[in-house]
Amino acid sequence: MNIIFLLIGCSFCLAIAFLLAFIWSVKSGQLDDDYTPSVRILFDEIPNKTNEDDSSKTD
Amino acid sequence: MNKVVDKVITEKCFHCGDTILTPIRFDQHQFCCVGCKNVYELLSQNNMCAYYSLENNPGQTIAQPILDSSFTYLDDEKVSNQLIQYKDEHTAKVIFFIPAMHCSSCIWLLEHLYKINPHIQQAKVFFLKKELHISYNPQQTNLREVVTLLSRLGYEPAIHLNDLEERVKKNDQRKLSYQIGVAGFCFGNIMLISFPEYFGLDTFSKGQFSKLFGYINLVLSLPVFFYSAQDYFKAAYQAIRERFISIDLPLALGIIIMFVRSVYEVVTGTGIGWFDTHASLVFLLLVGKWFQQKTFDTLSFDRDYKSYFPVAVTKINEHQDLTIPVTSLQIGDRIRIRNNELIPADSILLRGEAHIDFSFVTGESAPVKKVHGEIVYAGGRQFGSAIELEVVKKVSQSYLTQLWNNEVFAKEQSSVMQSFQQVVSKYFTIGLLLLAIGSGLYWLRTDVVHAINAFTAVLIIACPCALALSSPFALGTAMRILGRNKFYLKSTAVVEHLAHIDTLFFDKTGTLSQPTHSKMVYHGEQLSYGEQQLIASLVQQSIHPLSQKINNILSVNETLEVIGFKEVTGQGITARVMDKQVYIGALGWVSGGIEQANENKTTKVYVRIDENVKGYFELEHVYRKGLDSVLNQLNKTYTCSLLSGDNDSEREALLPYFSKHSLMYFNQQPADKLECIRGTISKGKQVAMIGDGLNDAGALKAATVGISITENTAHFSPASDVIMDADVFQLLPSFFKFSKATLKVIHISFVISLLYNLVGLAYAVQGTLSPLLAAILMPLSSATIITFTTAATTFAAKRNQLK
């Protein structure tokens, strides 16, 4: 039954790691803006050729 | 005639999407104006046309050309230092508020500014706040160049006078996030550890784990007690010091007793304590608090004149014009105000023709003309050609800004009325303490331990968790629903205030009427097409606002040649058109006399062609759509009154909208409005003021609920409790009804949570409350309340036709 002590220790380490991750995410401002990143991720790199393809419009 | 024009040209501007009147072709695209074309040109040169592929026609029309001199005031060290947040040799950081930001294309363009100006190191958009965080290299570029670039692209940052003052940083939201995170973490783990005990799984190990688990729980609840719950202790302490009973008192008492008794039980080995209930209680309370703290980031509810006034003004020097910050404006300075610019300080008119729109400041609907030597008050907006003024008072001492010296602005209004929760918790707390002491005393006769058990159990189980959650969740839901309907509240407390309102005061100009939408109407002899042509040709020569309004209603294809155009300020215009002498202007002007412009209440513009006075144009009042039904509905339950800064020319027109009990005040100065509201409140009424302009600022502040109505929420609106989008004016009665329904939901949920408390108390007074029962009862009651309040409030919104 002593294995329980080890398991509890492990589970706590894991849980604390998540808590620290949460605190870090708040501190780095990830919760300040929950909209812009969702748009930003969809931007492509700017192509280096001149602009010709206006037809490829996305909504 | 206009309709035909619309049908022929359905082409939309490639940049801004506006209908094109005279197309400008460039690079296979059509543009509505040179401004739009220039933005496109700038972007295509920098290979940034992806801007146009993310959204269709994402741009902004640039109404006025951006001059190089427009932002010279930003070169001023004092100004730039106030705006720049951080600066060292290689980096300067600055945050701009950009009202024009509205779509993903905007985000893309603003974040790729470095493609155009390579010295911009980073640009990051916070879309919901409409903020742009920029860092640039101060050795290579400067603030003025950055702002000019933004303005050239159609994203002019809003820089106002209050930006030059110290900012207060808010970090509350983050602290609450930490507290919730910590409490949630501890709550989850404590629950996990407590399960074996509940199910009696520890029998085979002879209580070996039970003891260990007890201590683990104890350690886990330390951060909950000392960190996450600390604000409740502070609030309770504050309440005791101010001799005021709030719901925080029984909450704090419950939390403390729960913690102390649990520690005692674990240390003495008499039990496992209530750690799980304790953690879940704090966690749920914090979540409720977070739910209630919803704010509308882009809106500012505490603006004063400083966020309306511009930062810079053109000062006339001997050699050249300089753009200087308004704050360094001195008495005696000469300034130049161009078309559509604001007058920043009380001054005397030196040169030029002043047609000043004071509608936002005084409530007068028609532009006021001023002649040389007259005093022009700050806050008016000039229409027409540029004027020159001499400053006679400092910005902070002008006639308008005096209003802010009134005492209503000095103190933060401590909540005007007690919320329902406050009223109930007063009785609740007293009753609870009596019951706890009573049951303690009862058991004291037989058994001291049992007496302490009963006493603490009562305080633990009756800890008004569900009670404390019902208000935040009902009000928070209501605030979100109202926000979705473009009715933005400053805080959740406003919902309750709205429900208690019995008297409404309306401002006229900008609130009930829309002066910018007003049209001229012609009265008199029928005008032939030729005559309309004559008039149109003449009025097109004048920049007077009324001339332009007349021009708007005449449907004329082409204009005629005008010879000998003459304009006399305050009188009218005349010229020879097609061998006919046409006069347009005041009655005196048209009838040939030179009499002074009479103090006519309504604005009438007469027309005379040769010797024949044809008739006159009159400004028609345009009232907000749905005004009829809105006031009809509101009149049934509320006393609606009018509080206008304008003259009483529209009294007759407005009379049918109001009931016979309504009061109608005209010619009210800003201070009069404030006093009127105050007087009504001192008679025991709960007053809502609905206004829009700076002149309503005092009244909005003094009222129980100040509602400011605005055409564009990104624009200035004076300090108020509610900011309402003008589009939803018709929903005003629904908002009031909905707030009442929300209050009813809170009442019902209070009853439900009290019932739960009674069940728990029945066990507690006997001293037989088990931790397991508490652990079930507490979350169950909270879950019931949360589900009920959110569902019932949403249902109430549906019934009132709100989204």
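The values are calculated or read from the model by the stated rules, or taken from the named source; none is laboratory data. Here the structure is a predicted model, which means the values were calculated and not measured. Every residue, glycine as well, gets a Cβ built from its backbone with ideal geometry; the counts of neighbours run over all protein chains shown. For the accessible areas, the whole protein counts, side chains as well, though only heavy atoms, and no ligand, DNA or RNA atoms are used. Shrake-Rupley method; radii C 1.70, N 1.55, O 1.52, S 1.80 Å.
Shown are B:Lys37, B:Lys369, whose ranking by accessible area with a 1.4 Å probe and every protein chain present, most to least, is B:Lys369, B:Lys37.
Charge dipole (Cα centre; +1 on Lys/Arg Cβ, -1 on Asp/Glu Cβ; no other charges) of segment B:433-539 amounts to roughly 340 debye. For the pair B:Phe795 and B:His517, label points projected 7 Å from Cα toward Cβ lie 3.7 nm apart. Projecting the Cα atoms of B:Phe750, B:Gln686, B:Ser44 onto the charge dipole of chain B, computed from C-beta unit charges around the Cα centre, puts B:Phe750 farthest toward the positive end. Straightening the chain between B:Ser591 and B:Gln730 buys 45.6 nm, computed as 0.36 nm per residue apart minus the Cα-Cα spacing. List the pairs from B:Lys370/B:Lys673; B:Lys508/B:Lys685; B:Lys549/B:Lys604; B:Lys306/B:Lys393 whose alpha-carbon separation is above 23 Å, in the order I gave them. Distance filter (> 23 Å) returns B:Lys370/B:Lys673. Within chain B, the whole DSSP H helices whose Cα atoms reach 27 Å or more along their own axis and whose mean Kyte-Doolittle score is at least -0.5 are B:172-198, B:248-268, B:420-444, B:465-484, B:732-765, B:771-799. Along the axis of the charge dipole computed for chain B (Cβ charges of +1 for Lys and Arg, -1 for Asp and Glu, origin at the Cα centre), the listed residues B:Ser347, B:Thr19, B:Asn217 are led at the positive end by B:Asn217. In this simple spin-label model, placing a label point 7 Å from the Cα along the Cα-to-Cβ direction at both B:Asp628 and B:Tyr198 gives a separation of 6.2 nm. Put simply, the amide H of B:Ala345, placed in the peptide plane, has neighbours under 5 Å in B:Gly379, leaving out anything fewer than 5 places away on its chain. Annotation: per residue accessible area for the protein assembly as shown equals 48 Å², rounded to a whole number [probe 1.4 Å, protein chains only].
Note on chain B: with charges restricted to the Cβ of Lys and Arg (+1) and Asp and Glu (-1), its dipole about the Cα centre is near 2320 debye. For A:Cys13, the solvent-accessible surface computed with a 1.4 Å probe is close to 90 Å², ligands and nucleic acids excluded.
Across q = 0.06, 0.10 Å⁻¹, the protein assembly as shown modelled as identical point scatterers on its alpha-carbon atoms has Debye log10 I(q)/I(0) values of -0.55, -1.25, in the order of the q list. Against the criterion of solvent-accessible heavy-atom surface with a 1.4 angstrom probe, B:Glu11, B:Glu318 sort, most first, into B:Glu318, B:Glu11. The listed peptides A:16-27, B:458-469, B:477-488, ordered by packing as a protection proxy, come out as B:458-469, B:477-488, A:16-27 (highest mean of other Cβ atoms within 10 Å first).
Counting Lys +1, Arg +1, Asp -1, Glu -1, what net charge surrounds B:Gln397 among other residues with beta carbon under 15 Å of its beta carbon? Combined, the nearby Lys, Arg, Asp and Glu give 0. In segment B:277-398, Cα pairs under 8 Å separated by at least six residues give a relative contact order of 26 percent. Apolar share of the accessible surface for the protein assembly as shown: 55 percent from carbon plus sulfur atoms, 1.4 Å probe. Taking the Cα centre of the protein assembly as shown as origin and assigning +1 to Lys and Arg Cβ atoms and -1 to Asp and Glu Cβ atoms, the resulting dipole is close to 2540 debye.
Largest first, the extents of the alpha carbon coordinates of segment B:499-565 on the three principal axes equal 63, 25, 19 Å. Set the Förster distance to 35 Å, then compute FRET efficiency between B:Arg351 and B:Gln540 from the Cβ-Cβ distance, nearest 0.05. E(calc), rounded to 0.05, equals 0.90. Model label sites at B:Lys211 and B:Lys93, defined 7 Å from Cα along the beta-carbon direction, differ in position by 5.3 nm.
Once the convex hull of all Cα atoms in chain B is built, its volume per residue stands at 211 Å³.
Straight-line reach from B:Lys124: which lysines have a Cα under 22 Å away, not including same-chain ones fewer than 8 places off? Once the sequence-local lysines are set aside, what remains near B:Lys124 is A:Lys27, B:Lys87, B:Lys93, B:Lys115, B:Lys169, B:Lys170. B:Tyr427 to B:Arg241: FRET efficiency via 1/(1 + (r/R0)^6), r the Cβ-Cβ distance, R0 30 Å, to the nearest 0.05? It comes to 0.90.
Working from Cα pairs under 8 Å separated by at least six residues, relative contact order for chain B is 11 percent.
Per-residue accessible area (protein heavy atoms, 1.4 Å probe) orders B:Ile375, B:Ile216 as B:Ile375, B:Ile216, starting from the largest.
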